[in-house]
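To start, the structure under review is shown below, and the notes come after it.
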Amino acid sequence: MHISEGILSPKILLAGAVLSAGGVVLGLKKLKNEDIPKAAVLSSAFFVASLIHVPLGPASCHLVLNGLNGILLGWTAFPCILLSLALQAVLFQFGGLTTIGVNSFSMAMPAVISYYLFRTLTHKGKKLAFLAGFLAGSLALLMAALFVGLALVETEKSFSPMVGAFILMNFPISLVEGVISGFVILYLKKVKPEMLT
Amino acid sequence: MKLSDSFFKRFFRVILLILSILTVSTSGYAHKMAIYAYREGDKVFGECYFADGSPCVNSRVVILNEKGAKLSEAFTDAKGLFSSEVKDPGPLKIVVMTESAHKAELKLGGSPQKRKPTDENQFKRNVVRKNENESSQLVMTKDELRIMIEEITDAKLHELRTEIKEINKKVDSVSARDIIGGIGCIIGVWALVWFIMRRKNAS
């Protein structure tokens with residue numbers, strides 16, 4: 001899911017950096033003191049999730065958990081994801097420092113969209129809360145794959161056949177991620193419902 | 001809005017069925033990519049793999065010279081291995097790119113200049129073998145001797161290269177120390193944010 005260095009054009013890199021910076025500023029402005037532990041835990045979960053590779057289909061993809069981040073944090077998902085991606089780039093050489101803006105935006109924006117689409121459903125019954133988590137988890141990942149694909153196509157048109165393949169490749173993992181996110185939401189609803197407010 | 005139990009049961013069954021079908025297939029891609037390559041005469045041999053050691057299958061390998069001009073192109077096989085003929089003895093840049101837009105680069109030093117074939121008449125050497133009853137003469141040119149030594153050295157070096165490749169793979173893989181360190185950094189940064197916000201609120 002991370003775009004490596006030296007692939008995207010400077011125009012796309014700059015656009016990604018500007019959009020991500022805007023998201024981070026907005027996320028920090030909306031951040032409340034009591035949400036900081038939650039943000040730290042979700043940042044860590046995002047950071048570690050990329051190391052969990054799931055062998056599905058012709059490709060073995062990794063978890064992202066951006067949907068879960070989004071539904072629980074809203075705009076604060078931006079600084080969380082940025083921080084995790086920065087550390088992944090420095091410690092594991094996943095992605096890169098120049099692509100951090102594009103990578104952050106492509107993963108955090110779907111998280112925010114999931115927040116607005118499914119947040120209210122988490123306040124309903126258990127089944128709907130699970131469904132909200134499932135949809136947030138799976139759709140956020142597929143949207144992230146679409147954003148990554150679009151960034152590649154904007155750089156070079158020859159990448160266009162890659163977009164469909166990229167989304168298809170991430171489809172199996174989106175189901176896994178949906179189930180994980182659904183169960184996490186269900187669990188939080190049971191043990192700590194205030195986290196969903 | 002109410003959803004029935006049967007709907008959920010069916011929903012789970014479908015998801016589990018899809019996942020179980022897909023899990024049967026083999027794995028292929030991960031994240032950080034690394035290349036290990038070496039030259040042997042006019043050929044470049046290499047292997048491309050991800051951080052978890054899995055091979056980069058069917059990835060495009062482009063070999064460029066110092067100035068960035070393309071010298072040759074190849075594709076990795078099912079084991080992530082590739083080989084390509086490169087006649088340029090100068091330093092090379094090997095670029096591998098997967099279908100999922102992962103990219104890795106490696107710079108390879110120039111190969112030692114090949115010696116021109118020597119003048120046979122000048123350097124012909126006789127190696128004399130003596131048997132118990134009769135003596136026989138084995139004539140070998142200096143070039144033939146050099147090729148023979150190179151072949152023996154290559155065979156010996158193969159084991160060494162395999163060992164280096166395994167060491168590289170271990171170095172490139174993600175360690176538990178990095179993961180714990182990363183989580184520590186995240187907690188530290190958020191603690192700093194909390195501290196700044198608290199001070200800001202207090203003032």
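The values are calculated or read from the model by the stated rules, or taken from the named source; none is laboratory data. Values in this document were obtained by computation on a predicted structure and should not be read as measured data. Ideal geometry is used to build each Cβ from the backbone, glycine not excepted, and the neighbour counts take in all protein chains shown. With ligands, DNA and RNA removed, areas are computed over all heavy atoms of the protein, side chains included. Shrake-Rupley method; radii C 1.70, N 1.55, O 1.52, S 1.80 Å.
Values for this structure:
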read-out: Residue mean of other protein chain beta carbons inside 10 Å, B:183-192; value: 6
read-out: Average partner coverage of A:84-92, which counts Cβ from other chains inside 10 Å; value: 5
read-out: Cross-link table A:K127/A:K190; B:K67/B:K107; B:K79/B:K165; A:K11/B:K32; B:K32/B:K170; A:K38/A:K127, entries beyond 18 Å C-alpha to C-alpha; value: A:K11/B:K32; A:K38/A:K127
read-out: Per DSSP, loop trypsin sites (Lys or Arg not before Pro) in region A:1-51 with at most 11 further Cβ within 10 Å; value: A:K32
read-out: Virtual spin-label span in nm between B:V139 and B:H158, 7 Å along Cα→Cβ; value: 3.3 nm
read-out: Accessible area buried, both sides summed, chains A and B with 1.4 Å probe, Å²; value: 4100 Å²
read-out: Candidates per GluC sites (Glu not before Pro) in region B:52-108, loop by DSSP, up to 13 other Cβ within 10 Å; value: B:E66
read-out: Helix runs (DSSP H) in chain A reaching 20 Å along axis by Cα, Kyte-Doolittle at least -0.5; value: A:10-30, A:100-118, A:126-155, A:160-191
read-out: Spatially proximal aspartates and glutamates relative to B:K103 (Cα-Cα < 12 Å; intrachain offsets below 8 disregarded); value: A:E5
